[in-house]
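The values are calculated or read from the model by the stated rules, or taken from the named source; none is laboratory data. Keep in mind that this is a model prediction, so the values were computed, not measured. Neighbour counts run over all protein chains shown; Cβ positions are idealised from the backbone, glycine included. To get the accessible areas, we keep the full protein, side chains included, count just its heavy atoms, and leave off ligands, DNA and RNA. Shrake-Rupley method; radii C 1.70, N 1.55, O 1.52, S 1.80 Å.
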Amino acid sequence: MPADVDKVSPEDLEAVRKTLDASGFPLQTAVAAISRKSGWGVVREEVPWSDATGADQFLDLVANHRASYLTIECKKTEKERYTFLLPYDKDRGPRGESYAARLLFAVQIDDSTRRLELKAGSCEVTPESQVSKLCVVGTDVGGKNQRLIERDGRLLLGGTDSFAISEKRRLNPTAEQNNLLLPLVFLPILVTNAQLYTAGYDPATDISLETAHFEKAADLQPVPWIRFEKSFGLSQGQYDLGDRTIFVVQAKSLAQFLGRVEVSGRVVLDGHLPSPE
């Protein structure tokens, strides 16, 4: 150590530790390390993009394995709990877990240009999970302070679409690029250290229409990951692609999740994301 560098005082050490603990960057670096150990190459970190208002945003991580890209946002919290609603019909029973997902794909056009285009579509993705369209994030024990994760999802999908557009341009086939594994698939992942729960209930019998409260407690179950699927509005290219799937994964289960991720089955394409050239 150079002679003119002062030693760090215990007070400074504690202040720096608290600053680091309050930041989301330590979780982000841990997620990157887990991704690499799980066989996913981290190809980009802190990927810049601009939202519809022109504001600067950053996608935390992009990891790649063969034809699959994981676009990852990390959400660090001290006290939040994510509860995903699973309404069902008691006469039919609770819905089972699903392999289905609606994602963004880069596919090759069957013409002389052999160019890539971005399309939304459906396929099967392992591991399976429950699917929810509604989530409440509780920020205190009393349940009075809540927020929704739609904003997080919208930012994640905006970053995903922006990265997909740039990757499409980079990989557009040439005479030297005819060995691409296609289609490419982009899987958005929200990783959080928060506890994840599902709440199963029959809305026809378990909810009071007078108080709008539960008359019977919902069946709460902890889960390591879940599909959150709905329309998040206009995408990065300002085109509505309908429902999109986001995988919400508890950080301590991330290695298990990544070890099982596999896209299989036939891809059914039904949407188109034009990109400005």
Residue hits (the stretch 63-99; out of contact with any Gly (no Cβ under 9 Å at 6 or more places or on another chain), in contact (Cβ under 8 Å) with a residue 12 or more places away in the chain, over 19 Å from Leu196 (Cβ atoms) and not acidic (Asp, Glu)) are Arg66, Ala67, Ser68, Tyr69, Lys90
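Quick grid of which residues meet (1) within 20 Å of Arg244 (Cβ to Cβ); (2) under 18 Å from the mean Cα position of the chain (by Cα); (3) open to solvent by 40 Å² or more (accessible area, probe 1.4 Å):
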| residue | (1), (2), (3) |
| --- | --- |
| Trp49 | yes, yes, no |
| Leu59 | yes, yes, no |
| Thr71 | yes, yes, no |
| Asp89 | no, no, yes |
| Leu103 | yes, yes, no |
| Glu117 | yes, no, no |
- request: Assess whether Glu128 counts as being touching a Leu at 6+ places or on another chain (Cβ under 6 Å), modelled with pLDDT of 95 or more and open to solvent by 20 Å² or more (accessible area, probe 1.4 Å).
  value: no
query: Does Ile109 satisfy the condition of being loosely packed, with under 14 Cβ neighbours inside 10 Å and not basic (Lys, Arg)?
result: yes
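Condition check ((1) at pLDDT 90 or above; (2) surrounded by fewer than 20 Cβ atoms within 10 Å (Cβ to Cβ); (3) among the β-branched types (Val, Ile, Thr); (4) farther than 27 Å from Arg36 by Cβ) across all residues:
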{"residue": "Val191", "(1), (2), (3), (4)": "yes, no, yes, no"}
{"residue": "Thr198", "(1), (2), (3), (4)": "yes, no, yes, yes"}
{"residue": "Glu215", "(1), (2), (3), (4)": "no, yes, no, yes"}
{"residue": "Lys230", "(1), (2), (3), (4)": "yes, yes, no, yes"}
{"residue": "Asp243", "(1), (2), (3), (4)": "yes, yes, no, yes"}
{"residue": "Val267", "(1), (2), (3), (4)": "no, yes, yes, yes"}
Output for Cβ contacts, cut-off 6 Å, separation at least six or different chains, first residue more than 30 Å from Ser253 (Cα to Cα) and in a loop (DSSP other than H, G, I, E, B) in the stretch 196-212, second open to solvent by 60 Å² or more (accessible area, probe 1.4 Å) and not polar (S, T, N, Q), reads Ser208/Glu215
With the first residue restricted to the stretch 144-163 and required to be under 15 Å from Thr192 (Cα atoms) and modelled with pLDDT under 90, and the second required to be among the aliphatic types (A, V, I, L, M) and open to solvent by 10 Å² or more (accessible area, probe 1.4 Å), Cβ contacts under 8 Å at 6 or more apart or on different chains are Leu148/Val136
When you look at Ile34, is it surrounded by 12 or more Cβ atoms within 10 Å (Cβ to Cβ), touching a Leu at 6+ places or on another chain (Cβ under 8 Å) and either modelled with pLDDT under 90 or assigned to a strand (DSSP E or B) (or both), yes or no? no
Of the listed residues (Asp89, Asp60), the one being of a type in the set (D, E, K, R), in contact with a helix residue (DSSP H, G or I) (Cβ under 8 Å, 6 or more places away or on another chain) and in a loop (DSSP other than H, G, I, E, B) is Asp89
Result of the Cβ filter at 6 Å on the stretch 101-130, keeping first residues that are touching a residue at least 12 places away in the same chain (Cβ under 8 Å) and on the phi > 0 side of the Ramachandran plot and partners that are open to solvent by less than 40 Å² (accessible area, probe 1.4 Å) and assigned to a loop (DSSP other than H, G, I, E, B), at least 6 apart or interchain, is Arg114/Pro173
